[in-house]
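See below for the structure under consideration.
Any read-out appearing in this document is the output of simple, stated calculations on the displayed coordinates, not a laboratory observation. The structure displayed is predicted, hence computed values, not measured ones. Here the Cβ positions follow ideal geometry from the backbone for every residue, glycine too, while neighbour counts run over all protein chains shown.
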Amino acid sequence: MLASLKNVNSNARDGRLAILLVMIMLSSPMLSLIPAVSASGITQYAVQRDPAYISIGDLDCDGDNDIAAASSMGHFISVLYNDGNGGFKDRQDVFISNNDSHRAGFRDTADGVRIEIADVNGDGTNDLVYYQQNIRFVGGPHVPGNLTILWGDCQERVHKWDSADPIMINDPYLSDMAVGDIDGDGDADIVMNVHDRGFTNNFLKIFRGPDPSQITAQQTLAVPLTNGQYTDVMLGHWGENVGGIGFPGDCVDLDIWLLRTPPYNPGVGYSQGHYDNMTVLEYDCILGQFPNPLDATAQGVHNFKLDAEHNFPLYGIDISDTDDDGEIDLIAAVDGITGNISYATKNGNSWNTQNYVELGDYLGASIAIADVNRDGNMDFFVPTEVTLTRVQDSSAQNQTFLLLDNLREINTVEIILANPSGTGYLSSLSFNVGRRPTMAVPGQLAGGEDSALEIAIGQSDRAYRFANSAMWLDTQGWAGAGDFLSVLSLDNEDMGITEVSIAPASYDPATGQARLGEGTR
């Protein structure tokens, strides 16, 4: 048996996602009948180690979206500049280690786990926000994390941008981070959830622009893990009255959406229960604060469940406003190890839950929601990791095992299109995108505003442990070897038809050979 330990550098939540795996050798190959699309192309771009998190935005003021990549357990972050045609050969690394010397060693690892492109100071130019978790050693001194902003400058490359003084994060272990304009003032704000070294408390931290370093622009909410761990942080409007008159504190704002686990105790671990608990905290524009979720008398705290029909963790979640009315009305999640995506739609003041679309025999690494083919309907993007296989016998009855079949040199991103002719979703379209994808970020990287979105895909090394404590490091030779991010190019011909064949061109970093099959545009 094998236990899956997601890369320890990804998030604190990854450490809790250990699941029993069983290696089963199959005597015959299995055929996966998954629709595929032509006229697509995948390009890999070398970056620093483990670009597990990426962000898209214009960094040189030329009107084209560029890509910024974090680097888990690395010393740098990377920026790939768009050449105007969707190519990203121009790369700029930024050294972020606390040791100023480029000879910095392992002990000086920055562990830059998050990066976001946003206009924090409201000057009309995008800035770069990154969080370096740093590393600590048993018996060594405590090392805080650093939240840093590089102020955008249209005339300079990113490594020459001025840096704000880093904000020290004393409880450095990051669960998740989101950036958006919370209060509608034109300045991007930062929300992050971290926990302490003893893994006893959540610390929900809010830093508001234009100067997040000011104490008056900060708020911290401490929530013990005995109330559950916040694994995912998202921003979106709940739907409270914002008419400009009536209730004090109402405004056009972004509220905090949190996914919460069952209670956790360091001595015994997670309690029995569901991992589908949602908490929404409404922003109060008068006070400039979010309510404390532990205050039973606080207004603007909403708790509800996604009604998962199992006790597995949700391996990714996203929210979306599908009808552009300013209110979140769709929640989608990787539904544990069921091989499904579960989604909930808002109906008045309640949520219609337990809706499912089949992902296939894959464990999804994350999920993103966007309208890829510009048909007005939101679609799902799911990078895949290991294979799910269901086994039935007289003693165990139905069990699901995680196998290694899907841990190939080239893994897939599954794109699940909304049904253009009715409700629900179509069968997933499978794209070869690279090894060990962690997240898929849709964005306009080439073509006009009405063309299909491109998808940038991050990746990371993995570590797996057998039940007998033997360990397999899935690093393709050594940590950071052959690391790259991928850009999947589509067009409206790809995504406008639902029954086509996929044959993308892809580069296999293990063999150095291209896998041909790009269709005619």
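Summary of values
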{"item": "Gain in span if fully extended, D90 to S427, counting 0.36 nm per residue against the direct Cα distance", "result": "117.7 nm"}
{"item": "Integer Hz, Karplus 6.51/-1.76/1.60 couplings in order for segment 193-207, x for Gly and Pro", "result": "10, 10, 9, 7, 5, x, 6, 10, 9, 7, 10, 7, 10, 10, 10"}
{"item": "5 angstrom amide H check on A446, placed H, neighbours 5+ away", "result": "E454"}
{"item": "For M73, residues with placed amide H under 5 Å, excluding near neighbours", "result": "D111, G112"}
{"item": "Compactness relative to 2.2 N^0.38 Å, alpha carbon Rg of segment 259-356", "result": "1.20"}
{"item": "Computed E for R374/S163 - FRET, C-beta separation, R0 41 angstrom, nearest 0.05", "result": "0.65"}
{"item": "For segment 193-310, size of Cβ-based charge dipole, Lys and Arg +1, Asp and Glu -1, in debye", "result": "400 debye"}
{"item": "Ranked packing of 200-208, 82-90, 110-118, most packed first, by mean Cβ within 10 Å", "result": "110-118, 200-208, 82-90"}
{"item": "Estimated distance in nm for a label pair at V252 and Q354, the labels positioned 7 Å out from Cα along Cα-to-Cβ", "result": "3.8 nm"}
{"item": "Per-residue HN-Hα couplings for segment 150-158 [Karplus 6.51, -1.76, 1.60; θ = phi - 60°; Hz; x = Gly/Pro]", "result": "9, 6, x, 9, 5, 8, 10, 6, 4"}
{"item": "Phi to ³J(HN,Hα) by Karplus 6.51 cos²θ - 1.76 cosθ + 1.60 over segment 295-307, Hz, x for Gly, Pro", "result": "7, 5, 8, 5, 8, x, 10, 10, 10, 7, 10, 8, 6"}
{"item": "Amide H partners (placed H, <5 Å) of L359, local residues excluded", "result": "N340, I341"}
{"item": "Alpha carbon centroid spacing (whole Å) that separates segment 268-289 from segment 44-64", "result": "31 Å"}
{"item": "Pairwise Cα inverse-distance average, inverted: Kirkwood Rh of segment 113-270 (Å)", "result": "17.0 Å"}
{"item": "Ordering of 367-374, 255-262 by packing [mean C-beta count within 10 Å, highest first]", "result": "255-262, 367-374"}
